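All remarks here apply to the structure that follows.
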Amino acid sequence: MFNNLTKKITDIFEKISHKSQLKEKKIKETLKKVKIALLNADVSLEVIKIFLKNIKKKTSEIYINKNFSPSQNLIQIVLKELIAIMGNNCYLFNFLLNELTICTIIGQPGSGKTTSTAKLAYLLSKQYKKKVLVVSIDIYRPAAILQLKNLIKKTKANFFSSNLNQKINKIVKSAIKTAKKEKYDVLLIDTAGRMHTNQIKINELRKIQDYIQPHETLFVVDSMTGQDAIHSINIFNKNFKLSGIILTKLDSDTRGGIALSIRTLTKKPIKYIGIGEKIYDLQIFHPERIAKRILGMGDILSLIDDIQNKIKNKELNLLKKTTKKGDTFNLNDFLIQIKQINQIGGINSLINKLPINIFSSNSILEKIDEKSLIKIEAMINSMTEKERKFPSIIKFLRKKRISKGSGNTIQEINIYLKKFENIKRIMKKIKKSKKNKIFEKIKNYLIK
């Protein structure tokens with residue numbers, strides 16, 4: 001998420017970090033570079049102008065806080081303005097008290113609407129402990145109902161069956177009646193995708209909305225559509241009074257600038273972001289966390305959320321034990337670690353939530369996916385107990401034997417042992433670092 005933008009922004013501020021004072025000319029040069037970085041990330045020019053205008057107003061005060069250097073003061077101003085253009089606050093799902101909350105999920109075809117509906121059902125049922133019923137009224141796409149039904153099986157929510165031969169109003173009426181009778185907290189309604197240019201389909205959806213009278217209407221936006229999404233959001237908002245946005249595919253190679261533009265240009269808050277393909281890969285949108293990540297400050301709170309929400313207590317105790325080891329961290333611990341790290345999105349996800357300048361070696365970012373995990377497990381299972389505890393003794397002849405036993409090539413074994421050394425370095429830093437506040441926070445949570 002925002003990897004390219006983060007790298008460019010942190011490089012810009014790194015060049016002024018050593019300066020004891022910042023003259024007006026240097027500030028202008030720095031902000032010009034920031035402008036280019038934001039443009040390259042597909043942030044709206046209108047938003048960039050507002051952003052830079054507000055920063056320039058405040059730069060005269062950057063010498064006031066004597067606890068910070070001028071460059072640190074400038075970064076703090078940039079941070080606050082980044083948060084401001086994304087909405088300052090965190091906007092949550094609006095639950096009705098002791099009543100059924102009805103939420104329709106709408107959007108254009110291919111935006112990730114059905115998947116987002118299932119992910120939202122998972123989040124509301126797991127994180128908020130709500131009783132959730134989900135129904136599809138997409139009678140135009142043959143596989144839509146079945147797709148949603150299969151996704152809901154992965155959640156604690158329940159699915160209300162519908163079929164292509166039913167009328168939409170009849171499906172909705174029955175779903176609402178069932179939800180009220182069985183005392184559900186939330187009813188999520190997945191609608192058919194509609195283009196903002198198709199007025200006939202828009203009018204049809206407006207009639208459905210008038211009939212349903214939802215308490216929440218969430219619009220799903222594919223972040224890869226870039227600034228074109230702003231126009232569609234505004235058109236849908238005129239017709240349906242959107243309560244919030246779900247922004248999908250922020251884990252892709254997209255430049256992500258749309259996330260910085262939506263709030264300012266549409267006045268609608270981003271409530272959730274999709275950051276992966278798994279059912280749990282939907283997060284509450286926190287402007288401050290995103291802004292800090294863009295500036296290379298890390299996102300330790302999201303990391304802790306991932307640990308709490310995706311790792312079971314029994315597995316977490318194992319993770320704590322292995323994290324305590326530091327220098328004695330071995331291949332048995334490595335297997336435990338990568339299983340847990342994969343559950344929170346993989347090593348890339350973990351590192352991306354830590355400050356960008358903590359690790360100097362790019363090799364730490366090498367991906368360990370599910371396929372690699374199977375190979376690593378086979379490799380470790382083909383080792384002796386002594387080899388697992390003391391990997392340094394594994395030389396060519398031992399690798400040859402392990403290769404035959406695990407089905408890995410010697411080259412693959414070398415790669416996986418290198419990954420082990422990289423994670424071991426992370427564990428040492430988490431265990432021993434006293435200067436870095438981020439690691440101290442991880443230690444406070446993991447090491448007790």
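Observations on the model:
- Distance in nm between pseudo-label sites at K238 and K404 (7 Å out along the Cβ direction from Cα): 7.4 nm
- Estimated distance in nm for a label pair at Y140 and E14, the labels positioned 7 Å out from Cα along Cα-to-Cβ: 4.9 nm
- Placing a label point 7 Å from the Cα of M195 along the Cα-to-Cβ direction, the residues of segment 227-245 with a backbone N closer than 19 Å are 227-237, 239.
- Taking the average, over residues, of other Cβ atoms within 10 Å as the packing measure, peptides 399-412, 275-288 rank 275-288, 399-412 from highest down.
- Here segment 132-148 and segment 154-219 have alpha carbon centers that stand 9 Å from each other.
We did not get these values from a lab; they are worked out from the coordinates using the rules stated. Just so you know, these numbers come straight off a predicted model, no measurement behind them. Positions of Cβ are backbone-derived with ideal geometry, glycine not excepted, and every protein chain shown enters the neighbour counts.
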